[in-house]
Amino acid sequence: MADGCQDLSLAVHRTRGSSPRCHDTTRQRGQRRREMKPSSLIASLVLAASAAVLLFLLSSASANTALFARHYAWLLGANALLALGLVVWVGLRLRLFWRERRAQVFGSRLKSRLLLMLALMAVLPGALVYGVSLQFAVSSIESWFDVRVDKALEGGIDLGRGIIESQQAELLEKARNMALDLGDSSIVSATRLNRLREQSGVRSALVLSSSLQVIASSTADFGQLLPTLPSAAQLRQARQGRGLTWVEEETENGKIGLVLHALSPLFDGGADFTVEPRYLQVTRPMSATIVASAANVEAAYRDYQELSLGRQGLNRIYGLTLTLTLLLSLSAAIALAFFLAERLARPLLILAEGTAAVAAGDFSPRAALENRDRRDELGLLIQSFNRMTEQLLEAHQETERHRNELEATSAYLESVLANLSAGVLTFDPDFRLKAANRGAVAILEDQLVDVERLPLSQWPRHAALAEAVMTAFADKGAEWQQELELTNDPAGSPKTLLLRGSTPPADGGYVVVFDDITHLLSAQRSAAWGEVARRLAHEIKNPLTPIQLSAERLQLRLADKLDGPGREMLEKATNTIVNQVEAMKNMVNEFR
């Protein structure tokens, strides 16, 4: 058996067990947590806001042809630079996360999982919306350029032109009829011109010479200015073609309208070529509804032709716009995912680190867990963890106090047991030796090294002791006492032991205390024989005095009655009796 079986102090320490000590050297404590700095977060938010503004401007420019032509290239470049910046920023953050994962930094796996989940939540819907939007944009653009729409717009343009040409022909016919009525007179009066104007239903009528001199005029509105005079070329065309029509725009009350002009030469009845040629110009405004409808049709047709010419360009532009939108959105979403992953993982990592420290025995409070601003479930969890840590710290301090008291008590008990002359053996419920003090080793004259893990019934030595102990516990119960004489002692000298056994209620084992009473029994035997000797001496001494007195009395009475030789023999005999009686008395006194 080891030295622990030689001294009960080591056995008590082994039974008590060693309590875990508080270690402040956890693997996670020395690791540095990398968190998103406020400046980085602000920069990412500014980039995302700028990207949103530029995307709005880009989409607006795509729908506005003039704005698109002026600023689209600049807006496209700015969005591309922002997208590149966000992609570079996300790439740097991913590289940092990858380094943390390879270095096995505490919490990197949790943050990576959170980042992956948040990124997938943003990427998958974004990619789906991008694909659907791109397909929808391409289909929409293709649906614009339908053959039926093209023919309908061309038909609208032709219809407008036909209406204008019809009204121009009607107005020219009226101008010719008025010219025929006025041509038979060399002098044109204003009254007659006004009557013909009213009959024809035109707004103004004007008679002028080939030198553009106004001869007579008539208007429907009083105070209205004369219409625009024709040019010399128009006069020549009118004379050669027996009339001319054209259309002019005019603005009235802020509204743009169309005015039809008809120019017809006046044919005189005579063949006098010395008279200067004269011309009649009449005007009539077109209906505002017709003008507006024609303008709308023409504008729609013009826009349609512009879109048709830029059909492939539109597909590329909208595709590029959607791609930039997707790239900026995903970059901003991933940047936000970084921030959310840091924010969600930080309290969990702090709790995990605190749990690891508590598991290692460190119950000291942590400043990182003192954040009371959170009002959610994580905040409640942190508060519960803080309370648990405080309770564990109090329990640990109480345990340490009890342990110190137990150690002091155990040390005192060890000191007492170590200095006991009696032997103490402790067994487990299977009668395997747990501890033995110095007294047991001295009495049994055996170190008990090789029997530490053997049951008591299998001890190679001290078979009588083993049999007596096991039989006593089996027959006499928890507490008993008996004597045992060891006649086959290995040292050759028989011994008598007084055995006392008990069963502790705590662990269900057995305790045997024994004393070597061999010398005590020898002393008891000596004392008994001394008592016998004293009593024998007393019994012997009682008749010695009468014997001595009788011998002395015989000597006194017979000395005078005997002659010399008889007197000498009597004196010699009585002296011998007296001397022997004295000797017997001295011997008896020595026994008393």
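Quick one: 3J(HN,Hα) in Hz for the range 460-470, Karplus 6.51/-1.76/1.60 with θ = phi - 60°, rounded, Gly and Pro as x.
x, 10, 6, 5, 5, 4, 4, 5, 5, 5, 5
Exposure proxy check: TYR279, TYR510, TYR412, TYR304 ranked by fewest other beta carbons within 10 Å?
On the way: TYR279 25, TYR510 22, TYR412 10, TYR304 17.
Going from sparsest to densest Cβ surroundings: TYR412, TYR304, TYR510, TYR279.
Report Rg/Rh for the range 523-591, rounded to two decimals, where Rg is the Cα radius of gyration and Rh the Kirkwood radius. Working shown, then result.
Working: Rg = 16.8 Å, Rh = 13.7 Å.
Result: Rg/Rh = 1.23.
Whole number please: convex hull volume per residue, Cα atoms of the range 77-141, in Å³.
Numbers: hull volume 5.6 nm³, N = 65.
Expressed per residue, the convex hull around the Cα atoms of the range 77-141 is 85 Å³.
With the Cα gyration tensor of the range 154-236 giving a ≥ b ≥ c as the square roots of its eigenvalues, does the rule (a/c under 1.5 for rounded; else a/b larger than b/c for prolate; else oblate) give rounded, prolate or oblate? Walk me through the intermediate numbers first.
Numbers: a/c = 1.90, a/b = 1.69, b/c = 1.12.
The shape class here is prolate.
Give a residue-ordered list of calculated ³J(HN,Hα) values for the range 239-245 (Karplus: 6.51 cos²θ - 1.76 cosθ + 1.60, θ = phi - 60°; whole Hz; x for Gly, Pro).
Whole-Hz 3J(HN,Hα) from phi for the range 239-245: 5, 6, x, 6, x, 8, 10.
For LYS434, what residues show an amide H to amide H distance below 5 Å, using hydrogens built from the backbone and excluding near sequence neighbours?
THR426, PHE427, ASP428
Could you give the length gained on full extension between SER421 and GLU250, defined as 0.36 nm per residue of separation minus the Cα-Cα distance, in nm? Working shown, then result.
Numbers: separation 171, 0.36 × 171 = 61.56 nm, distance 13.79 nm.
Gain on extension, SER421 to GLU250, equals 47.8 nm.
Around ILE577, with a cut-off of 14 angstrom between Cβ atoms, what is the net charge of the other residues, counting Lys and Arg +1 and Asp and Glu -1?
Working: positive: ARG553, LYS572, LYS585; negative: GLU552, GLU571, GLU582.
Net of charged neighbours comes to 0.
On full extension of the chain, what length is gained from LEU381 through VAL129, given 0.36 nm per residue of separation minus the C-alpha to C-alpha distance? All intermediate terms of the calculation are to be shown ahead of the outcome.
Details: separation 252, 0.36 × 252 = 90.72 nm, distance 3.82 nm.
This chain segment gains 86.9 nm when fully extended.
Can you quote the Å³ per residue value for the convex hull of the Cα atoms in the range 163-291, rounded to an integer? Intermediate results must be reported in sequence, preceding the final value.
Working: hull volume 13.6 nm³, N = 129.
It comes to 105 Å³ per residue, whole-number rounded.
So if R0 is 25 Å, what FRET efficiency would LEU393 and ALA352 give, r being the distance between their Cβ atoms, rounded to the nearest 0.05?
Details: r = 19 Å, r/R0 = 0.76.
E(calc), rounded to 0.05, equals 0.85.
Tell me, what HN-Hα J-couplings in whole Hz come from the Karplus equation 6.51 cos²θ - 1.76 cosθ + 1.60 at θ = phi - 60° for each residue of the range 85-95, using x for Gly and Pro?
x, 5, 5, 4, 4, 5, x, 5, 5, 5, 5
Against the empirical 2.2 N^0.38 Å scaling, what ratio does the C-alpha Rg of the range 456-592 come to? Display every interim value, and only then the final one.
Details: Rg = 30.4 Å, N = 137, 2.2 N^0.38 = 14.3 Å.
Against the compact-globule rule of thumb, the ratio is 2.13.
In terms of the ratio Rg/(2.2 N^0.38 Å) built on C-alpha atoms, what value belongs to the range 422-516?
Numbers: Rg = 12.3 Å, N = 95, 2.2 N^0.38 = 12.4 Å.
Relative to the rule-of-thumb radius for its length, the range 422-516 sits at 0.99.
A short reminder: the numbers here are calculations on the coordinates, not readings from a lab. Since we're looking at a predicted model, the values are computed, not measured. Glycine gets a Cβ as well: all are built from the backbone with ideal geometry, and neighbour counts include every protein chain shown.
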